[in-house]
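Here's the structure we're looking at; comments come further down.
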Amino acid sequence: MAATISTPMLSRRALVFLVIVGLHVGFVYVLNAGLATQAVEAVFGPIETKMIEEVKEEEDKPPPPPPKIEVAPPPFVPPPDIVIDLPVETTKTTAITATTKKPVAKPPPAPVAVKRIPPQQNKRRPLIEPDYPPQSKRLGEEGATVLRLYILEDGRVGEAQVAQSSGFPRLDEAAVKHAKRSWRFIPGTEDGKPVAMWYEFRVVWKIEKER
């Protein structure tokens with residue numbers, strides 16, 4: 001037995017089908033028009049988006065360049081000298097030399113010997129012997145004092161020194177004092193001209209025994 005479908009039922013089904021198709025089309029339109037985004041924001045609130053920058057890993061720094069090593073240049077070695085002996089042409093020339101005689105220098109004159117005369121005792125004024133020191137006489141002191149006298153141009157004794165001691169200071173001192181005080185000489189001369197010069201004189205100290 002075959003079932004039969006009435007016309008009103010078919011119309012209702014067609015209407016439902018059309019409504020479903022319309023809803024799908026509207027939904028697609030809403031999605032395209034951005035209404036879906038507004039609806040999501042209305043329900044869940046605005047969605048924040050953040051850009052996360054990609055952290056780049058630091059690249060490894062390149063290693064420092066190796067130190068420069070200065071290489072000293074090799075020592076300079078000069079090339080060996082090459083000597084080439086070549087024959088030299090020689091020409092004969094006549095040389096004329098003039099000889100001149102140089103004046104011969106005369107030798108210097110020989111020094112003239114100076115006639116020197118030492119001081120002397122004046123026979124007209126004989127030297128007086130110094131007094132014997134009393135204490136030396138009592139002690140028996142005897143000896144000889146050699147005096148070095150500086151005789152001036154006028155014959156006086158300018159300086160008196162003991163050249164050789166008698167061994168007794170009292171005798172030496174008495175001889176020096178007496179010579180400077182009392183003695184007069186004939187001065188020494190050079191080429192006849194009186195000049196001061198040194199002169200040695202010997203004083204003998206001897207105690208005379210009383211008879």
Failed item, numbered, when LEU147 is tested on (1) aliphatic (A, V, I, L, M); (2) under 30 Å from ALA113 (Cβ atoms); (3) surrounded by fewer than 16 Cβ atoms within 10 Å (Cβ to Cβ)
(3)
Checked against (1) of a type outside the set (Ser, Thr, Tyr); (2) at pLDDT below 95; (3) not in a loop (DSSP other than H, G, I, E, B), VAL176 satisfies every condition except (2)
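Return yes or no: is VAL204 surrounded by 14 or more Cβ atoms within 10 Å (Cβ to Cβ) and on the phi < 0 side of the Ramachandran plot? Before the answer, list the steps.
Numbers: surrounded by 14 or more Cβ atoms within 10 Å (Cβ to Cβ): no; on the phi < 0 side of the Ramachandran plot: yes.
No: the conditions fail for VAL204.
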Starting from segment 119-139, keep only residues that are in contact (Cβ under 8 Å) with a residue 24 or more places away in the chain and more than 25 Å from PHE168 (Cβ to Cβ), then list their pairs with residues that are among the β-branched types (Val, Ile, Thr) and assigned to a strand (DSSP E or B) whose Cβ atoms are within a distance under 7 Å, requiring at least 6 positions of separation or different chains.
PRO119/ILE151; PRO119/ILE186; GLN120/ILE186; ASN122/ILE186
Note: among GLY192, GLY158, GLY188, GLY167, just one is more than 14 Å from PRO133 (Cβ to Cβ), free of Cβ contacts under 8 Å to residues at least 60 places away in the same chain and not aromatic (Phe, Trp, Tyr), namely GLY158
Residues satisfying the stated conditions in segment 118-173, i.e. in contact with a strand residue (DSSP E or B) (Cβ under 8 Å, 6 or more places away or on another chain), closer than 24 Å to GLU208 by Cβ and of a type in the set (Gly, Ala, Ser)
SER136, GLY143, ALA144, SER165, SER166, GLY167
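The values are calculated or read from the model by the stated rules, or taken from the named source; none is laboratory data. As the structure is a prediction and not an experimental result, all values here were calculated from the model. With ideal geometry, Cβ positions are generated from the backbone for all residues, glycine too; neighbour counts draw on all protein chains shown.
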